[in-house]
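Structure first, then comments.
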Amino acid sequence: MAPPAQSQKSASPSQPSGKGEVSDVKMQLRQLAGSRSPGTDDAKRELFKKVISYMTIGIDVSSVFSEMVMCSATSDIVLKKMCYLYVGNYAKYNPDLALLTINFLQRDCKDEDPMIRGLALRSLCSLRVANLVEYLVGPLGTGLKDGNSYVRMVAAVGVLKLYHISASTCMDADFPAMLKHLMLNDKDAQVVANCLTSLQEIWGLEASASEEAARERETLLSKPVIYYFLNRIKEFSEWAQCIVLELVAKYVPSDSNEIFDVMNLLEDRLQHANGAVVLATIKMFLQLTLSMTDVHQQVYERIKAPLLTLVSSGSPEQSYAVLSHLHLLVMRAPFIFSSDYKHFYCQYNEPFYVKKLKLEMLTAVANESNTYDIVTELCEYAANVDIPMARESIRAVGKIALQQYDVNAIVDRLLQFLEMEKEHVTAETLVLVKDLLRKYPQWSHDCIAVVGNISSKNVQEPKAKAALIWMLGEYAQDMQDAPYILESLIENWDEEHSAEVRLHLLTAIMKCFLRRPPETQKALGAALAAGLADFHQDVHDRALFYYRLLKYNVTVAERVVDPPKQAVSVFADTQSSEIKDRIFDEFNSLSVVYQKPSYMFTDKEHRGPFAFSEELGNLSIDTELADNVVPAQRVEANDKDLLLSTSEKEDNHGASNNSSAYNAPSYDGSRMVGASQAQQDLVSLDQPPPANVPVSLAIDDLLGLGLPVVPSPAPSPPALKLNAKAVLDPNSFQQKWRQLPLAASQEISMNPQGVSALSSPQVLLRHMQGHSIHCIASGGQAPNFKFFFFAQKEDEPSTYLVECVINSSTCKAQLKIKADDQSTSQAFSALFESALSKFGLP
Amino acid sequence: MLQCIFLLSDSGEVMLEKQLTGHQVDRSICAWFWDQIISQGDSLKLLPVIASPTHYLFQVVREGITFLACTQVEMPPLMAIEFLSRVADVLSDYLGSLNEDLIKDNFVIVYELLDEMIDNGFPLTTEPNILREMIAPPNIVSKVLSVVTGNVSNMSNSLPGATSSCVPWRKTDLKHASNEVYVDLVEEMDAIINRDGALVKCEIYGEVQVNSHLSGLPDLTLSFANPSILNDVRFHPCVRLRPWEANQILSFVPPDGEFKLMSYRVKKLKSTPIYVKPQLSSDSGTCRISVLVGIRNDPGKSIDSITVQFRLPPCVLSADLSANHGAVNILADKTCSWSIGRIPKDKAPSMSGTMVLETGLERLNVFTSFQVSFRIMGVALSGLQIDKLDLKNLPSRPYKGFRALTRAGEFEVRS
């Protein structure tokens, strides 16, 4: 039913072009319109069918609109239905013609058959023509009071449709109040449920504009209303139950007794045949018990069986949706699922996306008692015909090895993989062996013996090649022919397409040279010469750097290139725990499937009343892009533990090159303790440390070391004064946001009073305005709010931009600040924080 | 909240489009979606939930037909997928089965059904019993009826009785000439067997399917002899949960017609009814294969429809396989299927032959796994037994029938 404007008139040659046929149908309909002879309805029906089938395949049949309406005077219900369908599709684009239909629809709304009344009302509301809303109010009002529940049910949704066409008409007719009355009193559960969905949406959207609607929205979550719904839960259809459960999940019980009451009442929902109900119930249970650790754990135990049954009962699509949720829970509490590991075994016929989730879960639940079984199972997959699957399973074995202390058996298995002589298996395994060696250097002896036997000619994939070269460099003294292998690789420098491999080659040959100088000198010379001539900037720079370093002092070079290394204790996690928590808060939503919190992807969502909510979306996409390129983001990398980078930007970075944990190490050296030492040397080597701070800051940035912030030597900036009447139009805001680098990003805790005052975004806006910080866009619903603020310096047109995401359930606010004048961003950040912290205080 | 539902044929053609909200979803989304499928090579390989540049898409594929739903707002993904699956179930129930022609021939009914199943993006009812009262299925009976009575409408004129009944899945005044109820235990055995014959995993997923044609408002109680073996259960909404919790008795007022009363899982089974022993040995570019099949644990009833399937590894150039019982077929996509049927009394079925490997390959370096299917009538392998079925509130003595069936689900033997 494409709207006429985009109809595909010649989508495929086999489809009729439509023109001739449509005018044909038009003629015939016109002849039938006035006829009352028997059999007319049958003829009409055939014609209507034809029209609708044209519509379905995308031919524009809007030209027969008036004929269709003329023929619609009939008592045949199927004819009526087809006509409603047609009218609903084209009315929006033919508002003038739509007026023709009003008459017969209004008449049908008074039909004695409730089914026709309901259908007519539904079609009337689906016309969605703004200048016809006046005709809607009357039938809707009577529909809400209709004696038949089917009509009331349709009317309840009709109110929402009216609201979307014309909110003011809907509010003026006082429909929300009528819906509320119906919701709390109607005996038909489906009517109640439809009232609830309509009211939730209407009040949610109105809340920002009117205090009253905001209050009404709150009352939906009040104890009596929630209890009313809970007591009737069994009357609702399965889908309505989902909606009610969703509502109840937002309710905050006053004490633990109440929590237990609610849970006892809903426990049997876990055995419902509909997976959506089960999942909605599970979400509620998890949310309710968050603060009670031991009960929370019991909840996990309780929901385990229903979830596992859901996985095995449904179609692959359903299994996948359930598995993604199960995946989330397994990642949060692997120990609870460790005895159920067999459920995560992959079946041969399962789609790859299901297998991948299962592999991750197998990796997570591995512990001392089941590791042997799991690794045995994973080894089966490694020999799988399906290459992506084989790769993933080898990675999984590697991850388990990195988790466990007893890796003896696993290392043996990995080494067996190398003997399988399949290219993709060898490639994956090499990458893993390299990671293992970084963590367990004590295994080097066994591994090197096997790795040394691999002919570098059989390894083609850049990552694997890089890993092999790294090992050749790192263990040059243990491998007899390391220099010669490297030499032959250097001879083929020009055929090596991957810059990553060439970079590694340079570093490896350096290391090799430092340990076995006589054998390597010639190769080193060749490598440096080739590197200097390389067209790739990084390769060229690294070659030049090594060359100068060697020229300067060989011992210094050794300290820089080949310092004694400390074993890596923990590899960077790909996702920060904060992000995982946030996904958990959004259980039973798309976030779980995408494994990202919704603010990272739901930019398409229409968000609140602000007109340019679309642009808001663009903005936040851009921030992420910007984060990837702007080096400054690294400054705020966690300074507690260089190995554990937990900032979300790192994740994006990791995601973009797919597996940050598997990069061969030397350039990632910045993440290793040993290497950080080296890089500090590097700074001192360069020139006498520059006195002016901006440069040293820049170096820190470039290295991404996240060193403890250099104390600012500049005289502390004068107290920042903001312009109370700052103006900025949304477009320039958006432009600036895109252009400016991120100046600061932090998470701060808000005081609970402030959060509780945050019933709607508006309250905070007014508060911040009092501190000369203006809001340009806001949106979201409890518990997640998102704001874009801006402020200007009092005396000059220098602007600060802030993105602020507040989660009212965790009392946390996440700030991203950008500024025209970077030097004062710290001061502004402090000012913003203090303003925010005063929110909600008397 | 779903915004639009499309039905696509197996060539990507839009067969049906149902806009649900004021926001019109442009058809071009289907073209985008189909490009994704083509790039993946197979619709089954594409994730059920994907993000397009403008919408989130949910897809469910049944019998070559893709049910595609679009939304722009956050919503429980399982709700969308469950709903689409139900739509598919209801349609195949209405139309007898699902295929492109059936949908194109009956698109008006499909529109009518969608109209009642979802309004403004929120699912209303997907209970086939209720829907059938609102929209008559396009079966022969109703066609005959319409000819005889002259009532051409394929839609009943009164509202479904169920909407006013206290039991929402059943209308109040049902009358059947013969009162009968059938209870079937249908079980699927999922198992993985290692190359050394050890059982890696074995469990049963079972359903209690009821087909009821009873007059009035009957009240049924079904009890099992050994309910304690059930690991986890899920019920049709008609089942009262208290009696189950107290005494593990299923007490319910059934919907009319066929429905799934309960599903359950039984874990940790110790043995399988048949064994399948594949042996592969390769030497200088050829691989000898032999597969033996036989009864391991006699279930007491005959095992039929036994087939063994496996996919020839890509490195196999040609294969020459034969069996002493049953037929061996090698399909174009390199799937080899050996249909055995029943195991004869006098000999153990075996299949053997040689496979020629790619040049340069000395021995087979991948393992294949064998999918086994079978069917046993009259036995529920989990051991679950129905104790008795009581019926109350019935005008006459009904006929009660019980059946059991076990078939192989994901039954996999590794080599």
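The values are calculated or read from the model by the stated rules, or taken from the named source; none is laboratory data. Keep in mind that this is a model prediction, so the values were computed, not measured. Please note: Cβ atoms are built from the backbone with ideal geometry, for glycine as well, and neighbour counts cover all protein chains shown.
Among the residues here, B:ASP10 does not qualify as in contact with a strand residue (DSSP E or B) (Cβ under 9 Å, 6 or more places away or on another chain), of a type outside the set (A, V, I, L, M, F, W, C), more than 30 Å from A:GLY779 (Cβ to Cβ) and in a helix (DSSP H, G or I). When the range B:90-133 is limited to residues that are hydroxyl-bearing (Ser, Thr, Tyr) and surrounded by fewer than 18 Cβ atoms within 10 Å (Cβ to Cβ), the one that is farthest from A:CYS125 (Cα to Cα) turns out to be B:SER97.
Residues checked against (1) within 14 Å of chain B (Cβ to nearest Cβ); (2) of a type in the set (Val, Ile, Thr); (3) touching a Cys at 6+ places or on another chain (Cβ under 6 Å):
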site	(1), (2), (3)
A:LYS92	yes, no, no
A:ASP96	no, no, no
A:ASP108	no, no, no
A:ASP111	yes, no, no
A:ARG117	yes, no, yes
A:LEU121	yes, no, yes
A:ASN131	no, no, no
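For B:VAL328, indicate whether it is surrounded by 15 or more Cβ atoms within 10 Å (Cβ to Cβ) and in contact with a strand residue (DSSP E or B) (Cβ under 6 Å, 6 or more places away or on another chain).
Details: surrounded by 15 or more Cβ atoms within 10 Å (Cβ to Cβ): yes; in contact with a strand residue (DSSP E or B) (Cβ under 6 Å, 6 or more places away or on another chain): yes.
The answer is yes for B:VAL328.
Yes/no per residue for (1) among the charged types (D, E, K, R); (2) touching a residue at least 12 places away in the same chain (Cβ under 8 Å); (3) within 14 Å of chain A (Cβ to nearest Cβ); (4) surrounded by 15 or more Cβ atoms within 10 Å (Cβ to Cβ):
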{"residue": "B:ALA319", "(1), (2), (3), (4)": "no, yes, no, yes"}
{"residue": "B:ASN393", "(1), (2), (3), (4)": "no, yes, no, no"}
{"residue": "B:TYR399", "(1), (2), (3), (4)": "no, yes, no, no"}
{"residue": "B:ARG407", "(1), (2), (3), (4)": "yes, yes, no, yes"}
{"residue": "B:GLU412", "(1), (2), (3), (4)": "yes, yes, yes, yes"}
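Does A:VAL262 satisfy being in a helix (DSSP H, G or I) and surrounded by 22 or more Cβ atoms within 10 Å (Cβ to Cβ)? For A:VAL262, the condition - in a helix (DSSP H, G or I) and surrounded by 22 or more Cβ atoms within 10 Å (Cβ to Cβ) - is not met. Of the numbered criteria (1) in a helix (DSSP H, G or I); (2) at pLDDT below 85; (3) facing chain A (nearest Cβ under 9 Å), the one B:HIS23 fails is (1).
Determine if the range A:444-457 includes at least one residue that is more than 22 Å from A:SER488 (Cβ to Cβ) and touching a Gly at 6+ places or on another chain (Cβ under 6 Å). No, because not a single residue in the range A:444-457 is more than 22 Å from A:SER488 (Cβ to Cβ) and touching a Gly at 6+ places or on another chain (Cβ under 6 Å).
Each residue in the range A:826-842 was checked for being surrounded by fewer than 18 Cβ atoms within 10 Å (Cβ to Cβ) and touching a residue at least 12 places away in the same chain (Cβ under 8 Å), and 5 of them qualify. Quick one: how many residues across the range A:584-593 are surrounded by 22 or more Cβ atoms within 10 Å (Cβ to Cβ) and either more than 12 Å from every other protein chain (Cβ to nearest Cβ) or on the phi > 0 side of the Ramachandran plot (or both)? Qualifying residue count for the region: 1. Scanning the range B:124-137 turns up at least one residue that is at pLDDT below 70 and either within 14 Å of another protein chain (Cβ to nearest Cβ) or part of a helix (DSSP H, G or I) (or both). For the range B:190-286, the strands (runs of 3 or more DSSP E) that sit wholly inside it and include 1 or more residues that are among the charged types (D, E, K, R) are B:199-213, B:219-224, B:232-235, B:257-266, B:274-283.
When residues in the range A:275-290 are screened for being facing chain B (nearest Cβ under 10 Å) and β-branched (Val, Ile, Thr), 2 of them pass.
The condition (being of a type in the set (A, V, I, L, M), closer than 22 Å to A:GLY314 by Cα and either assigned to a loop (DSSP other than H, G, I, E, B) or facing another protein chain (nearest Cβ under 8 Å) (or both)) is satisfied by just one residue among B:LEU91, B:LEU98: B:LEU98. Looking at A:LEU140, is it out of contact with any Asp or Glu (no Cβ under 9 Å at 6 or more places or on another chain), surrounded by 17 or more Cβ atoms within 10 Å (Cβ to Cβ) and either away from chain B (no Cβ under 11 Å) or under 26 Å from A:TYR93 (Cβ atoms) (or both)? Yes: the conditions hold for A:LEU140. For B:LYS260, state whether it is touching an Asp or Glu at 6+ places or on another chain (Cβ under 6 Å), under 30 Å from B:LEU174 (Cβ atoms), within 14 Å of chain A (Cβ to nearest Cβ) and in contact (Cβ under 8 Å) with a residue 12 or more places away in the chain. The answer is yes for B:LYS260. In the range B:354-373, the residue that is farthest from the other protein chains (Cβ to nearest Cβ) out of those that are assigned to a strand (DSSP E or B) and in contact with a Ser or Thr (Cβ under 6 Å, 6 or more places away or on another chain) is B:THR354. Inclusion of B:PHE33 among residues that are more than 7 Å from chain A (Cβ to nearest Cβ), under 16 Å from B:ALA88 (Cα atoms) and surrounded by 21 or more Cβ atoms within 10 Å (Cβ to Cβ) is not warranted. Among the residues in the range A:147-165, are any away from every other protein chain (no Cβ under 13 Å), closer than 19 Å to A:ASN194 by Cβ and not in a helix (DSSP H, G or I)? Among the residues of the range A:147-165, not one is away from every other protein chain (no Cβ under 13 Å), closer than 19 Å to A:ASN194 by Cβ and not in a helix (DSSP H, G or I), which makes the answer no.
Across the range B:189-200, the number of residues qualifying as buried (at least 20 other Cβ atoms within 10 Å of the Cβ) and closer than 22 Å to B:VAL233 by Cα comes to 2.
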